[in-house]
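Accompanying notes for the structure given below.
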Amino acid sequence: MSEGVLTRDWKESFDEIYDGAVDESNPPIKLFEKAYDGAVIATSYAEILLNQAIRRFGPDKKVGYPDTGYYLPVIRALSGEAVEKLGDLPPILNRMRNQIHEELNFENARLCGEAAAYSAEIIEALRYLDGARPHVDPWTGFLGDPVVRRYGILLVDWTIPGQAVIMGKGKSSEDVGKLVMDLQGKGFMIFLCNQVIEQAIEAGCKLGIDFIAFPIGNFTQVIHAVNYALRAGIAFGGIPPGERQDTRDYQRRRVRAFVLQLGEIDEVQVAAHFAAIFLGFPVITDQELPEDEQITNWYVSHPNYEDLIQVAMEIRGIKLKILDIPIPITVGPAFEGEVIRKGDMHVEFGGGRTTAFELVEMVDEDQIEDGKIEVVGPEIDDVEEGSSLPLGLMVKIFGRKMQEDFEGVLERRLHYLINYGEGLWHMAQRDTIWMRISKDAAAKGFKIRDYGELLVAKFKDEFPSIVDRVQVTLITDAEKVEEELERARTFYSARDERLKGLTDESVEEFYSCILCQSFAPNHCCVVTPERLGLCGAVSWLDGKAAYEIDPTGPNRPIQKEGLQDEEKGIWASVNEYVYNNTNRTIEECSMYSFMDRPMTSCGCFECIMAILPEANGVMITTREYSGDTPVGMTFSTLAGSVGGGIQTPGFMGHGRAYVLSKKFISADGGLGRLVWMPKELKDSLGDELRKRAEEEGLGSDFIDKVADETVGCTAEEILPFLEEKGHPALTMDPLM
């Protein structure tokens with residue numbers, strides 16, 4: 001929708017946000033003149049480069065950014081036009097040139113800003129012609145849709161409180177470092193452009209996608225901060241492309257961005273500033289500007305770095321919840337994607353090296369001491385660097401509105417909350433967790449006890465409606481961990497038992513889970529009553545409860561509509577949801593087949609299934625089993641190939657309990673296809689697996705026909721065993 005066809009009332013109601021900002025008796029004419037000159041320079045430069053590209057490649061040459069389904073996002077969001085080739089761009093650029101008016105006023109300056117934004121988008125898109133990757137470290141350039149999907153929802157639901165765009169060159173590297181670290185400590189998403197990138201690196205700031213601090217480039221690359229914000233609006237705000245005023249209004253209300261301009265300012269930068277103002281983002285500069293070159297609450301001079309961020313937040317209307325966590329590291333979403341390699345590790349827990357588990361338990365009022373934190377066993381000071389410790393992470397919760405069904409939901413949130421800590425790393429769930437504390441965090445004084453401080457504060461902060469009191473016990477004594485693990489498993493079993501009786505056919509909706517998108521941006525679990533999440537910890541009931549707690553969270557209902565293939569479990573509504581929530585990379589997925597369009601796999605899966613063609617069946621390995629498997633790969637090697645959110649026919653991550661489901665690869669032959677599994681998994685499933693085999697008509701002795709590592713770890717070693725036992729997979733229809 002163009003601005004010209006909007007009703008006068010609508011347009012005026014939106015533009016009220018600018019009313020009274022300019023003193024009409026003394027308007028900032030010099031500022032408006034710079035915006036005009038900058039827009040002329042930007043559009044002229046874009047025209048020159050565009051004409052050169054058309055002469056070289058022709059008007060039918062494809063143009064676009066990599067890894068996006070939003071064409072050129074600035075143009076797509078504001079005008080609705082889907083630019084696909086160079087020849088689409090000249091009329092668009094001409095339209096922008098025609099809205100650059102010589103009359104110098106605030107409204108025209110904003111239109112100059114819009115023209116500058118379009119021009120920058122065109123200039124940047126031309127850099128990517130012929131699949132070019134024009135940016136090298138440390139610059140990121142354009143950020144693809146996986147990054148939007150990874151952090152966009154956190155930006156618009158204010159988990160990330162706002163977006164800070166820092167341009168220019170600061171007074172010193174130290175000053176820039178302090179600004180960046182302050183913003184990270186407050187949880188902001190940061191975009192850096194120009195010399196501030198080198199200054200931040202020199203100051204030792206942690207930059208990059210994993211730290212939500214994007215060094216995007218040195219010139220018109222600043223547009224990548226804008227096209228990121230606009231895609232977040234389309235993806236999570238439900239704003240249709242081309243609804244120009246709705247888009248601007250959403251950006252002003254939900255994205256909460258501001259620009260910090262450091263150092264000298266030229267005309268093109270001023271035009272870029274007015275592009276930000278056009279979208280509702282104020283600009284604060286460290287330059288001394290006279291009153292007649294400022295605009296109240298929109299273009300503000302503030303040379304003092306000590307409270308520059310505070311002033312920017314006040315102007316933008318950002319109020320942080322004050323959460324003082326008494327631990328020596330920074331806590332915020334900026335650190336959620338941080339990976340701690342073995343060489344950077346001070347101590348680790350679980351991950352197959354030691355026994356480790358986590359448990360969230362609802363208790364009565366008289367069973368909890370609010371805020372109590374206890375460490376039972378060695379502390380971090382008691383072990384050498386590089387050590388492995390067992391861990392029992394036990395959290396008691398009391399809340400007057402707490403429900404038993406919420407236990408598993410809050411337990412899975414441990415993954416997020418711990419990963420928010422700088423220098424902390426958490427993977428997997430229940431009794432398969434793997435956690436690490438980095439050397440840097442230990443050097444700053446982080447202790448095992450501090451996990452408790454973090455969790456007490458964050459549970460109360462993030463779930464105030466259901467959490468009133470929190471108590472945390474951290475057990476590192478090996479004997480005590482084993483003792484409490486048995487108790488924890490009774491909780492896991494009880495939760496799984498509540499699912500029995502529910503079937504996929506008996507419900508009207510499934511639930512999504514995108515908790516793991518911080519590690520696998522293109523992954524989306526679809527959780528059904530008969531297929532729990534790959535992590536083994538998110539059941540259908542968990543998804544339902546999580547949605548009740550937080551309707552905008554990672555678990556959403558997916559209505560079962562448009563059945564396309566009953567045997568494979570393919571619904572049009574599920575495909576649509578998965579497509580839109582995997583950055584438009586996975587077009588279709590089946591619930592009951594691992595051979596045909598299987599569900600994607602993240603990295604938190606408990607097990608990995610792989611086709612074993614020689615036996616016409618499947619093998620399963622687990623995170624706990626570190627040995628070789630009949631497909632010639634260990635769990636770790638398979639995880640590197642299968643994980644990350646990709647769809648790999650013949651391979652699939654899944655939960656341990658999925659093996660007991662009636663829907664276990666039912667479209668591919670079901671349980672009868674299972675020819676090899678680690679003995680530990682076979683023993684742990686035990687009688688339940690025998691019962692399932694009987695229900696499937698495979699006989700109670702089927703489990704004895706399934707090979708394990710005691711039989712062999714290669715196809716050649718296990719085939720004679722399978723033939724001797726008469727395994728049913730050998731006579732089933734070919735898998736391939």
Rounded to whole angstrom, the alpha-carbon centroid of region 95-134 lies from that of region 357-376 at a distance of 57 Å
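So how strong a dipole does region 36-146 carry about its Cα centre when Lys and Arg Cβ are +1 and Asp and Glu Cβ are -1, to the nearest 20 debye? Please list the in-between numbers first.
Working: 11 positive and 16 negative charges, 78 e Å.
The calculation lands at about 380 debye.
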What does the accessible area of Trp298 come to, in Å² to the nearest 10, when a probe of 1.4 Å is used? 20 Å²
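Given charges of +1 on the Cβ of Lys and Arg and -1 on the Cβ of Asp and Glu, with all other atoms neutral, how large is the dipole of the chain about its Cα centre, in debye to the nearest 20?
Values: 75 positive and 121 negative charges, 240 e Å.
Here the chain has a charge dipole of around 1160 debye.
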Applying the gyration tensor rule to the Cα atoms of region 642-736 (axes a ≥ b ≥ c; rounded if a/c under 1.5, else prolate if a/b exceeds b/c, else oblate), the class is rounded
Which one of Cys535, Pro557, Gly569 is farthest out on the positive end of the charge dipole of region 415-571, using unit charges on Cβ (Lys, Arg +1; Asp, Glu -1) and the Cα centre as origin? Cys535
For an R0 of 22 angstrom, estimate the FRET efficiency from the Cβ-Cβ distance between Ala494 and Glu680 and round to the nearest 0.05. 0.50
Dipole of the chain, positive direction: furthest Cα of Ser387, Gln221, Cys513, with charges on the beta-carbon: Gln221
Enumerate cysteines in the chain without a disulfide-compatible partner, where compatibility requires another Cys Cβ under 4.7 angstrom. Cys112, Cys193, Cys205, Cys524, Cys589, Cys607, Cys713
What's the carbon and sulfur percent of the chain's accessible surface, probe 1.4 angstrom, rounded to a whole number? 46 percent
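Just the accessible area per residue of the chain, please: how many Å² with a 1.4 Å probe? Let's see the in-between values first.
Details: 28660 Å² over 736 residues.
Ligands and nucleic acids excluded, the result is 39 Å² per residue.
In square nanometres and to one decimal, what's the mean projected area of the convex hull around the Cα atoms of the chain?
Approximately 34.0 nm², given one-decimal rounding.
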quick shape note, region 105-252: Cα extents on principal axes in Å, largest first -> 42, 39, 35
Mean Cβ-within-10 Å packing, highest first, puts peptides 686-696, 711-721 in the order 711-721, 686-696
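Give me the dipole magnitude in Debye, nearest 20, for region 443-551 about the Cα centre, with unit charges on the beta carbon: positive for Lys and Arg, negative for Asp and Glu.
Numbers: 14 positive and 21 negative charges, 79 e Å.
Around 380 debye, computed over region 443-551.
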Can you tell me, using C-alpha contacts under 8 Å and at least 6 residues apart, the relative contact order of region 412-483 as a whole percent? 22 percent
Size of region 434-570 as Cα extents on the principal axes (Å, biggest first): 56, 32, 30
Answer with one residue from Asn51, Gly69, Val40: the one whose Cα lies farthest towards the positive end of the charge dipole of region 40-93, charges on Cβ with Lys, Arg +1 and Asp, Glu -1. Asn51
Enter the angle in degrees (range 0 to 90, nearest 10) between the Cα long axis of helix 449-462 and the first principal axis of the Cα atoms of the chain, meaning the one along which they spread out most. 60 degrees
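Please tell me which of these pairs span more than 25 angstrom C-alpha to C-alpha: Lys396/Lys444; Lys34/Lys85; Lys34/Lys61; Lys171/Lys444; Lys186/Lys206?
Working: Lys396/Lys444 28 Å; Lys34/Lys85 32 Å; Lys34/Lys61 34 Å; Lys171/Lys444 28 Å; Lys186/Lys206 14 Å.
Violating the 25 Å limit, Cα to Cα: Lys396/Lys444; Lys34/Lys85; Lys34/Lys61; Lys171/Lys444.
Based on the alpha-carbon gyration tensor of region 482-550 and its eigenvalue square roots a ≥ b ≥ c, which shape applies: rounded if a/c is under 1.5, prolate if not and a/b is larger than b/c, or oblate? Write down the numbers at each step before the final one.
Numbers: a/c = 2.09, a/b = 1.21, b/c = 1.73.
Because a/c hits 1.5 or more and a/b fails to exceed b/c, region 482-550 counts as oblate.
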A student applying the Cα gyration tensor rule (rounded when a/c is under 1.5; otherwise prolate if a/b is larger than b/c, oblate if not) would label region 403-485 oblate
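The values are calculated or read from the model by the stated rules, or taken from the named source; none is laboratory data. Everything numeric here is computed off the predicted structure, so don't read it as measured data. When we count neighbours, we look across all protein chains shown, and the Cβ atoms used for this are built from the backbone with ideal geometry, even at glycine. For the accessible areas, the whole protein counts, side chains as well, though only heavy atoms, and no ligand, DNA or RNA atoms are used. Shrake-Rupley method; radii C 1.70, N 1.55, O 1.52, S 1.80 Å.
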